[in-house]
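The values are calculated or read from the model by the stated rules, or taken from the named source; none is laboratory data. None of these values were measured; they are calculated from a predicted model. Backbone-built Cβ (ideal geometry, glycine too); neighbour counts: all protein chains shown. Heads up: the accessible areas ignore ligands, DNA and RNA and are worked out on the full protein's heavy atoms, side chains in. Shrake-Rupley method; radii C 1.70, N 1.55, O 1.52, S 1.80 Å.
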Amino acid sequence: MKRFLKQKNFLFKLGIVICIGWMLAALLSPYLVPQNPIAQDMTARFQAPGSGHFLGTDELGRDVFSRVLVGSRVSIAAGLVTVCITIVVGTIYGGIAGYVGGIVDDIMMRVAELINAFPPLILAMVIASALGPSISNSVFAMTIIWWPNYARLMRSLVITLKENEYIVASRVLGASHLRILVKEIVPNALGSLLVMATLDIGNAIVTFSGLSFLGLGTQPPTPEWGSMVSDGVNNMNYWWMSTFPGLAIFSMSIGANFVGDGLRDYLDPKLKNK
């Protein structure tokens, strides 16, 4: 922990600041917004950024700054929920496949590889459009395309760890397979899973925003970064409509990647003595 807190990686610290900043903005957005994010004012349409509206207004006169802040609640929550669900599903699935092995492992991993054979974004679009546009359906579609990655990682970790001496000793002492898997193997695999999950948060936010951009995620008038970018594309002369939500997506995703890279460096055994 001491070495973790004293890391000299500037990008890692910057990533923490960005992520914490956006999460606080999402939590406190109802108290920070200067105006109602869904209130329409047709007399204030397409106002450029200025004193009255810090980031300008959109085609319905809604304050872009307020919508970006409130939209962070949906985009960040969708990314976090997706990653949390996929890491649980993938860990259980890959853990069972790797520990049991044999024909069970072969069948389970062929299923995961079947899902991975499809282009991820295309498959997510197909699932989301088939179920109907909504936040929950988009999160479900993203979960379907992502859990095999965690399953494959967990399987490889289990195969490596289950041959270690302390696992063999636990088995000889009569520990059940479930206890060995839950108490011994999973805790030792969490580091790699955590790094992957942190890196995926940014990807999940980008993917969810992409689905919303296509009209498969949030529906009007709920503010969300991807749908705001879509509205801005339809009004290209008013650059602020898509620029600021786009910068929000970029900053949060790059911040999560910085944190993931820092965690990977910290958890790398080769760096333990540095």
Unique residue being touching a Leu at 6+ places or on another chain (Cβ under 8 Å), of a type outside the set (Val, Ile, Thr) and in a helix (DSSP H, G or I) when the list is Ser192, Ser156:
Ser192
The stretch 78-119 - residue that is small (Gly, Ala, Ser) and out of contact with any helix residue (DSSP H, G or I) (no Cβ under 9 Å at 6 or more places or on another chain) and, of those, nearest to Met23 (Cα to Cα):
Ala117
Here is a list: Asn273, Asn237. Which entry is open to solvent by 50 Å² or more (accessible area, probe 1.4 Å), modelled with pLDDT under 80, of a type outside the set (Asp, Glu) and not in a helix (DSSP H, G or I)?
Asn273
If you go through Val158, Val139, the only one that is modelled with pLDDT of 90 or more and either touching a strand residue (DSSP E or B) at 6+ places or on another chain (Cβ under 6 Å) or open to solvent by less than 60 Å² (accessible area, probe 1.4 Å) (or both) is Val139
Could you list, in sequence order, the residues of the stretch 30-55 that are aliphatic (A, V, I, L, M) and in contact with a Lys or Arg (Cβ under 7 Å, 6 or more places away or on another chain)?
Ile38, Ala39
Condition first: free of Cβ contacts under 8 Å to residues at least 12 places away in the same chain and either open to solvent by less than 30 Å² (accessible area, probe 1.4 Å) or within 26 Å of the chain's Cα centre (by Cα) (or both). Now tell me which residues in the stretch 176-199 satisfy that.
Val182, Pro187, Leu190
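Check every one of the helices (runs of 4 or more DSSP H) wholly within the stretch 48-149 and list those with 1 or more residues that are of a type in the set (Gly, Ala, Ser) and closer than 23 Å to Met228 by Cβ.
Working: elements: 64-100, 102-116, 120-131.
By residue number, 64-100, 120-131.
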Residues in the stretch 198-214: is at least one charged (D, E, K, R), out of contact with any Cys (no Cβ under 7 Å at 6 or more places or on another chain) and more than 15 Å from Tyr150 (Cβ to Cβ)?
no
For the stretch 74-107, what are the residues that are of a type outside the set (Ser, Thr, Tyr) and touching an Asp or Glu at 6+ places or on another chain (Cβ under 9 Å)?
Val74, Ala78, Gly79, Val83, Ile87, Ile96, Ala97, Gly98
Could you check, for the stretch 20-29, whether at least one of its residues is hydrophobic (A, V, I, L, M, F, W, C), surrounded by fewer than 18 Cβ atoms within 10 Å (Cβ to Cβ) and over 19 Å from the mean Cα position of the chain (by Cα)?
yes
Which listed residue, of Ile180, Ile205, Ile185, is hydrophobic (A, V, I, L, M, F, W, C) and touching a Gly at 6+ places or on another chain (Cβ under 6 Å):
Ile205
When both residues are 6+ apart or on different chains and their Cβ atoms are under 6 Å apart, which pairs have a first residue that lies in the stretch 200-215 and is open to solvent by 30 Å² or more (accessible area, probe 1.4 Å), and a second that is assigned to a helix (DSSP H, G or I) and hydroxyl-bearing (Ser, Thr, Tyr)?
Val206/Ser253; Phe213/Ser230
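Could you tell me which of the residues Arg67, Arg152 is among the charged types (D, E, K, R), touching a residue at least 12 places away in the same chain (Cβ under 8 Å) and under 21 Å from Leu199 (Cβ atoms)? Explain how you work it out, then say what you get.
Values: Arg67 fails: under 21 Å from Leu199 (Cβ atoms).
Only one candidate passes the filter, namely Arg152.
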Kindly check whether there is at least one residue in the stretch 229-241 that is within 17 Å of the chain's Cα centre (by Cα) and within 24 Å of Val68 (Cα to Cα).
no
Taking Gln40, is it assigned to a loop (DSSP other than H, G, I, E, B), of a type in the set (S, T, N, Q) and buried (at least 16 other Cβ atoms within 10 Å of the Cβ)?
no
Of the conditions (1) under 25 Å from Val89 (Cβ atoms); (2) polar (S, T, N, Q); (3) at pLDDT 90 or above, the single one that Thr243 does not satisfy is (1)
Options Leu181, Leu121: the member that is at pLDDT below 85 and either in contact with a Phe, Trp or Tyr (Cβ under 7 Å, 6 or more places away or on another chain) or within 19 Å of Ala78 (Cβ to Cβ) (or both)
Leu181
